[in-house]
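Throughout, read-outs are computed from the coordinates displayed, never taken from laboratory work. Treat the numbers as computed from the prediction; the structure is a model and nothing was measured. A quick note on method: Cβ atoms are made from the backbone with ideal geometry, for glycine too, and the neighbour counts reach across all protein chains shown.
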Amino acid sequence: MNNNHLLTLITQLRSVADIGLLYAKNEYDIERYTELQHIGNQMLDTVTGLGEETIKLNFPQAKDYPTAKMDVRGILLSPDNKILLARESADGKWSLPGGWGDIGYSPKEVIVKEFQEETGLDVVPDRLLAVFDKKMHPHPPQPFYVYKMVFYCRAVSSVINKGFDVLDVQYFDIDNLPELSEDRILKSQIQLLYQKIISGDQSVQVD
């Protein structure tokens, strides 16, 4: 069993514990779900190395039904079909511009905001290219359960102005991609997205 599959099972187990504690009424059920939550935290620490205290801080007791997190990203090509990437300050590696979905913003509004903040470019999201489920791809282990939406974007401005929360912004050839931040995007995903754009494929890739 690989770590990604194990992490998915642990995430499901913790979700069962969270839902149980959310709705449990008697002390016996509360005790058992609390124990299950503790076991899930220990297993998550074993797989990710985050430490139980960090896990408790990042995963407080659920006050509503647990759901997947949403990551929204955009792919923009230059006139000579190079791909715009931003270098993440968190790990010094490169990714498509984007981030977590923000409350109060539609997915398209999120990607417009993220491009402006990270690259200084004004973009128009042309169409949705893909909805990835991270468990279906070989990302490094991550404690959150994540869906990833990726839009094909067109630039309506041309001057790059790097944001404070990224280290650099550059265009790269599809055959010469830099080291990627694989928590955020994989080479295989960028290649799939690029081919959909270049070939004119109008279908949406959905895991």
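Where both residues lie in the range 69-206, what percent of DSSP beta bridges are antiparallel, nearest 5? List each step's numbers first, then the result.
On the way: 21 of 32 bridges.
That works out to approximately 65 percent antiparallel.
Under 14 Å from the Cβ of Glu114, count the other residues' Cβ atoms, weight Lys and Arg +1, Asp and Glu -1, and hand me the total.
Values: positive: Arg73, Lys108, Lys113, Lys148, Lys162, Arg184; negative: Asp71, Glu88, Asp102, Glu109, Glu117, Glu118, Asp122, Asp165.
Neighbour charge sum, excluding Glu114 itself: -2.
Using a 10 Å cut-off around each Cβ, can you sort Met136, Met149 from fewest to most neighbouring Cβ atoms? Present the calculation step by step, with values, prior to reporting the outcome.
Details: Met136 10, Met149 22.
Ascending number of Cβ neighbours within 10 Å: Met136, Met149.
Given that just one value was derived from the coordinates, which of (1) 42; (2) 28; (3) 18 is percent of Cα pairs over 31 Å apart?
Calculated percent of Cα pairs over 31 Å apart: the matching label is (2).
Short version: ³J(HN,Hα) in whole Hz for each residue of the range 37-54, in order, from phi by Karplus 6.51 cos²θ - 1.76 cosθ + 1.60 (θ = phi - 60°), x for Gly and Pro, what are they?
The phi angles translate into 4, 4, 4, x, 5, 5, 5, 5, 5, 4, 7, 9, x, 6, x, 4, 5, 5 Hz.
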